[in-house]
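Beneath this line is the structure, given in structure tokens, with notes to follow.
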Amino acid sequence: MFDDSYRQAIQRVLVYIEKHRDEKMTLEQLSKVARISQFHFHRIFTSYMGISPGQYIKVKRLEHGVKELSHSKKKTIDVAMSVGYESHASFNKAFKKEVGMSPTDFRKSVKEKGNYMSHLKNKQPEFLGFQNREDTPILYVRKTGSYFVSARAAWEEILKIMETLGIKSNEHEYIGISQDNPHDDGQKEEDLRFDACVVDSSVIQKSDLGKHAVQKGEIAGGRYAVFLHKGPYETLGDSYHYIYGHWLESENQKLRNAPPFIRYRVLLSLTTLDPKDLESEIFIPVK
């Protein structure tokens, strides 16, 4: 639990970042603003905000870039410089990674669909409420690498094993766990871990699933905030950015030390649904 002194420290840093977002900021500078040692500041900020200081700065800069692209006729290079990027290329790369399209394509999209707020509103997941869960035993296959690749590989492997053993796929609960934040400072894409999980059941226990390349684990029980993401898995990052970058702070919610997970209402591998019609529940561990 964060006391008032930590809340005030983080608020000072947030105000400082907002005022200086077009300038280069270091962890040392921010820790001085917070009046917390540099060693502890990164951990406290990340725990409180849900993302690292570096990623938060990137998000705020890009949010301002989105507004500039939507409301002004500035050249993209001028927008990049105004929000603290040193080159057109670095801004383009960061913008596309976070928003899902290039600045040029985004500007065209805004002209077609309306202002940037209506564009971003479509990316907000529906809040379903809070849920208290018991510890959940699971069997899972883990793959590493970009989540766009590792998730597909993990699901293909575990579903193939179940098919080999004659276990009916449509009778089980499926959960995906992204163990690492791809936006954390220093996080390498090749080290990202994704777990494709099947909730353990009496049917599975009677099979030989455990003899294959499957590991046993458990999803920690406790209190979770639950959100509904609609659409393809490739846009899950939009929902996570909204939750961690906006919802947690606005609702004054604090994270527990456990990974978030996704419960698939329908797993894409087991349906002919158009990806835009998929529904996935995001569980965020909160105190």
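The values are calculated or read from the model by the stated rules, or taken from the named source; none is laboratory data. Note that this is a predicted model, so its numbers are computed, not measured. Quick reminder, even Gly has a Cβ in these numbers, built from the backbone with ideal geometry, and neighbours come from all protein chains shown. Just the protein is used for accessible areas: all its heavy atoms, side chains included, with ligands, DNA and RNA removed. Shrake-Rupley method; radii C 1.70, N 1.55, O 1.52, S 1.80 Å.
Numbers for the structure displayed
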item: V66 vs. criteria closer than 23 Å to G237 by Cβ, open to solvent by 20 Å² or more (accessible area, probe 1.4 Å), among the β-branched types (V, I, T) and in contact with a helix residue (DSSP H, G or I) (Cβ under 7 Å, 6 or more places away or on another chain); result: no
item: Residue among K58, K73 that alone is basic (K, R) and surrounded by fewer than 19 Cβ atoms within 10 Å (Cβ to Cβ); result: K73
item: Single condition V110 does not satisfy, out of (1) of a type outside the set (D, E, K, R); (2) over 22 Å from L14 (Cα atoms); (3) at pLDDT 75 or above; (4) open to solvent by less than 30 Å² (accessible area, probe 1.4 Å); result: (3)
item: Members of the range 150-165 that are open to solvent by 60 Å² or more (accessible area, probe 1.4 Å) and modelled with pLDDT under 85; result: E163, T164
item: Pick from the range 71-88, criterion small (G, A, S) and in contact with a helix residue (DSSP H, G or I) (Cβ under 6 Å, 6 or more places away or on another chain), ranking: farthest from E18 (Cα to Cα); result: A80
item: Residue count for the range 264-287, restricted to those that are part of a strand (DSSP E or B) and either surrounded by 19 or more Cβ atoms within 10 Å (Cβ to Cβ) or among the acidic types (D, E) (or both); result: 8
item: Within the range 27-55, considering residues that are hydrophobic (A, V, I, L, M, F, W, C) and open to solvent by 40 Å² or more (accessible area, probe 1.4 Å), the one modelled with the lowest pLDDT; result: F39
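Yes or no, residue by residue, for (1) aromatic (F, W, Y); (2) in contact (Cβ under 8 Å) with a residue 60 or more places away in the chain; (3) outside any loop (DSSP other than H, G, I, E, B):
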residue: R223; (1), (2), (3): no, yes, yes
residue: L236; (1), (2), (3): no, no, yes
residue: G245; (1), (2), (3): no, yes, yes
residue: N252; (1), (2), (3): no, no, no
